[in-house]
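Visitor: Supplied in structure tokens, the structure appears directly below.
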Amino acid sequence: MALTSGTGTLFTVGLGPGDPELMTLKAARIVGSAPVIAYFAKRGRAGHARSIVEGHLRAAVIEERMEYPFTTEVALEDPRYAAEIGTFYEACAARLAARLDAGQDVALLCEGDPFFYGSAMYLFDRLSGEYPSEVVPGVSGMSGCWTQARTPITHGDDVLTVLPGTLDEDALAARLTGCDAAVIMKVGRNLPKIRAALERAGVAGRAIYVERGTMPGERVVKLAELDSAPAPYFSIVLVPGRQRTR
Ligand SMILES: C[S@@+](CC[C@H](N)C(=O)[O-])C[C@H]1O[C@@H](n2cnc3c(N)ncnc32)[C@H](O)[C@@H]1O
């Protein structure tokens with residue numbers, strides 16, 4: 001699979017929203033033939049991307065498991081985050097570079113689509129200029145979620161606004177005010193702030209909450225009916241468009 005003699009190729013592979021059947025044929029082929037797979041995981045967890053490809057791997061595959069330095073979610077504005085995450089990505093890139101230098105192709109796994117808020121981009125950014133590189137797009141998490149919610153997200157000339165839930169409440173409310181359709185990513189512990197912003201923008205009544213879309217343990221519920229239990233990392237809020245009929 002190597003494109004040039006000597007070095008291996010970095011394949012940055014989107015795996016879809018969680019259901020392994022939503023992986024593309026191309027992703028399954030590359031993951032199934034790669035001598036090395038690389039993936040991020042939280043300490044003590046199997047790794048979500050790794051679990052999607054279970055059953056597709058070569059028997060002798062080498063696994064580069066890259067454990068985040070944080071055991072819990074650290075806020076982006078926390079100084080520890082900036083200090084540690086850059087060092088972590090540098091170390092991960094060095095590990096993969098050693099594989100590529102040895103002529104081994106590496107399949108870097110990513111949930112959803114790699115170029116859509118994917119952490120794999122930080123390694124792609126560091127390595128793609130130096131090594132042969134291919135990227136395989138994936139079905140995004142939000143697409144899997146609105147499908148599972150049986151909710152078309154945009155009709156006609158609706159404009160879709162995609163927001164990270166890590167923004168502050170004022171920024172979220174400003175962007176949501178007057179929106180046609182919206183998707184709020186990275187919900188997790190940001191849920192109370194997101195609820196407040198949706199209320200302020202007057203769109204909370206349309207909002208749908210999806211947890212672990214297309215995965216085991218999936219939950220789809222109107223946001224207004226959601227209890228106040230903490231939301232997991234894989235959760236999203238959808239504000240469907242105006243649902244115009246023609
Ligand atoms: C760092 S972003 C990665 C997005 C990914 N690259 C994609 O294309 O969907 C992670 C966020 O995506 C959302 N997400 C992705 N897949 C999801 C799923 N299956 N169910 C619910 N939320 C999901 C969550 O909001 C999660 O916090």
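Visitor: With the crude spin-label approximation of a point 7 Å out along Cα→Cβ, what separation in nm comes out for residue 87 versus residue 169?
Guide: In this crude spin-label approximation the distance works out to 3.5 nm.
Visitor: If you don't mind, there's one more thing I want to ask. Taking the Cα centre of the range 142-239 as origin, sum charge times position over the Cβ atoms of Lys and Arg (+1) and Asp and Glu (-1), and report the length of that vector in debye to the nearest 20.
Guide: 220 debye
Visitor: Additional query: Taking the chain as a Gaussian network, Cα atoms linked when under 10 Å apart, which of 178, 103, 112 shows the biggest mean-square fluctuation?
Guide: The residue that fluctuates most here is 178.
Visitor: With a ≥ b ≥ c taken as the square roots of the eigenvalues of the C-alpha gyration tensor of the range 46-105, please select rounded if a/c is under 1.5 and otherwise prolate if a/b is larger than b/c or oblate if it is not? Mind dumping the intermediate values first?
Guide: Numbers: a/c = 4.14, a/b = 1.53, b/c = 2.70.
Oblate is the answer for the range 46-105, as a/c is 1.5 or above yet b/c matches or exceeds a/b.
Visitor: Shape verdict for the chain, please, from the Cα gyration tensor: rounded (a/c under 1.5), prolate (a/b greater than b/c) or oblate. Walk me through the intermediate numbers first.
Guide: Numbers: a/c = 2.15, a/b = 1.73, b/c = 1.24.
Note, shape of the chain comes out prolate.
Visitor: Residue 57 to residue 24: FRET efficiency via 1/(1 + (r/R0)^6), r the Cβ-Cβ distance, R0 22 Å, to the nearest 0.05? Mind dumping the intermediate values first?
Guide: Details: r = 16 Å, r/R0 = 0.75.
With a Förster radius of 22 Å, E is 0.85.
Visitor: Now, a different point. Considering the options 131, 33, 59, tell which one lies farthest towards the positive end of the dipole of the range 10-139, charges being +1 on Lys and Arg and -1 on Asp and Glu at the Cβ, about the Cα centre.
Guide: Farthest towards the positive end: 59.
Visitor: Excluding residues fewer than 8 places away in the same chain, name every one of the lysines whose C-alpha is closer than 26 Å to that of residue 222.
Guide: List returned: 186, 193.
Visitor: Could you grab the relative contact order for the chain? Cα pairs under 8 Å, six or more apart, rounded to a whole percent.
Guide: 22 percent
Visitor: So if a site counts as exposed when it's one of the GluC sites (Glu not before Pro), its DSSP state isn't H, G, I, E or B, and it has at most 12 other Cβ atoms within 10 Å, what's the longest stretch of the chain without one? Let's see the in-between values first.
Guide: Working: sites that count: 54, 77.
Result for the longest clean stretch: 78-246.
Visitor: For the chain, what proportion of DSSP beta bridges, expressed in % and rounded to the nearest 5, is antiparallel? Walk me through the numbers before you get to the answer.
Guide: Values: 12 of 35 bridges.
Roughly 35 percent of the DSSP beta bridges within the chain come out antiparallel.
Visitor: Separate question: Which Cα, out of 69, 96, 117, lies furthest along the positive dipole direction of the range 1-128 (beta carbon charges, K/R +1, D/E -1)?
Guide: Projecting each Cα onto the dipole axis, the largest value belongs to 96.
Visitor: Continuing with the same structure: What whole-number distance in Å separates the alpha-carbon centres of the range 91-127 and the range 129-162?
Guide: So the two Cα centres are separated by 21 Å.
Visitor: Can you tell me how the range 110-205 classifies by the Cα gyration tensor, rounded, prolate or oblate, using a/c under 1.5 as the rounded cut? Numbers along the way, then the final one.
Guide: Numbers: a/c = 2.48, a/b = 1.73, b/c = 1.43.
Verdict is prolate for the range 110-205.
Visitor: Run the quick spin-label model on residue 98 and residue 221: label points 7 Å from Cα toward the beta carbon, then report their separation in nm to one decimal.
Guide: Inter-label distance under the simple model: 4.6 nm.
Visitor: Here's a follow-up. Between 207, 83, 120, where does the largest GNM mean-square fluctuation fall for the chain, given springs only between Cα atoms within less than 10 Å?
Guide: 83
The numbers here are math on the coordinates, done by the rules we state, and not lab data. All figures in this text were calculated on a predicted structure; none of them were measured in a lab. FYI the Cβ positions are ideal-geometry reconstructions off the backbone, even for glycines, and counts take in every protein chain you see.
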